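Below is one structure, written out as structure tokens; comments come after it.
The values are calculated or read from the model by the stated rules, or taken from the named source; none is laboratory data. Just so you know, these numbers come straight off a predicted model, no measurement behind them. Don't worry about glycine lacking a Cβ; one is built from the backbone with ideal geometry, like all the others, and counts go over all protein chains shown. These accessible areas exclude ligands, DNA and RNA; they are computed on the full protein's heavy atoms, side chains included. Shrake-Rupley method; radii C 1.70, N 1.55, O 1.52, S 1.80 Å.
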Amino acid sequence: MRKIIVQEFITLDGVMQAPGGPEEDTSSDFKYGGWTAPYFAEADEAAGDFMKRWMESTDILLGQKTFAMFAKYWPEHADMWPGILDVTKYVVSDSMSQSDVDNSGWKNSTLITGDVVGRIKELKNSEGSDIKVHVSSILAQTLFEHDLVDELCLITFPIVLGTGKRLFAENSAPAAFTMTDSLVTSNGVIFAYYKRAGEVKTGTIGA
């Protein structure tokens, strides 16, 4: 079985929208595009080691908007993400056709449409590498809703934006996770890796 790993940049209040720059969400009036940039400019060596792990080549699963953005950028900057041209890119969309995906210019890209949850479950049960999810807020929320996330990697920045798309929705399935690795950088950015760890437990404090 393949693992689905959700990797996201988030703020303290859970916003994940447009961390790289304003061009990531031109359809909205979100004002804070590029909110990660000042922190990466001051990143220390340990953060660089974690980012290499973040960028390890696996198949990736993306929503339509993220796929379009990535397909425009990464084929021209593949030296920054070794192996990205060769892995399979799965894009979830109800409006695109496979020919649209083929014409994107990003080779090894495959459309997932129709019964998206069923198709993703089939992917999990197939042979192949782990599958990483980047950005793609609606897709990530769907995966959490249907308890399809095996691992979670969050890079949390010490800011509150108060507005923007968030990683978790109210319909997320209750799930426990265990932290497997972490790092706090000198400028307050928290790198944390989690793996799925059964059901949520409840009890009484002090009992």
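General remarks:
- Candidates LEU123, LEU154, LEU12: whichever shows maximal mean-square fluctuation once the chain is modelled as a Gaussian network with Cα springs under 10 Å: LEU12
- Accessible area expressed per residue, the stretch 104-206, with surrounding protein chains retained (probe 1.4 Å, Å²): 53 Å²
- Set of the stretch 139-158 residues, backbone N closer than 18 Å to the point 7 Å along the Cα-Cβ line of ASP44: 155-158
- Here the extension length gained between ASP115 and ALA169 equals 17.4 nm, from 0.36 nm per residue of separation less the Cα-Cα distance.
- Shape of the stretch 150-207, Cα gyration tensor, a/c cut at 1.5: prolate
- Sequence-distant lysines (8 or more away, or on other chains) whose Cα lies within less than 22 Å of LYS107: LYS65, LYS72, LYS89, LYS124, LYS132
- The chain: relative contact order as a whole-number percent, Cα under 8 Å and 6+ apart: 31 percent
- Couplings 3J(HN,Hα) of the stretch 187-194, computed from phi: 9, x, 7, 10, 9, 9, 10, 10 Hz, in residue order, whole Hz [Karplus 6.51 cos²θ - 1.76 cosθ + 1.60, θ = phi - 60°; x for Gly and Pro].
- Label corresponding to Cα Rg over 2.2 N^0.38 Å when calculated from the structure given, among (1) 1.04; (2) 0.97; (3) 1.47: (1)
- For HIS146, the solvent-accessible surface computed with a 1.4 Å probe is close to 80 Å², ligands and nucleic acids excluded.
- Ranked packing of 59-66, 155-162, most packed first, by mean Cβ within 10 Å: 59-66, 155-162
- Under a Gaussian network description of the chain, with springs only between Cα atoms under 10 Å, the residue in TYR90, TYR193, TYR39 that fluctuates furthest is TYR39.
- For LEU183, solvent-accessible area (1.4 Å; no DNA, RNA or ligand), Å²: 40 Å²
- Surface composition of the stretch 164-207: carbon plus sulfur atoms contribute 56% of the solvent-accessible area (1.4 Å probe, protein chains only, all chains present).
- Over the chain: helical MRE at 222 nm, DSSP H runs n ≥ 4 each giving -39500 (n - 2.57), nearest 500: -6000 deg cm²/dmol
- Contact order relative to length of the stretch 3-48, as percent, for alpha carbon pairs under 8 angstrom and 6 or more apart: 27 percent
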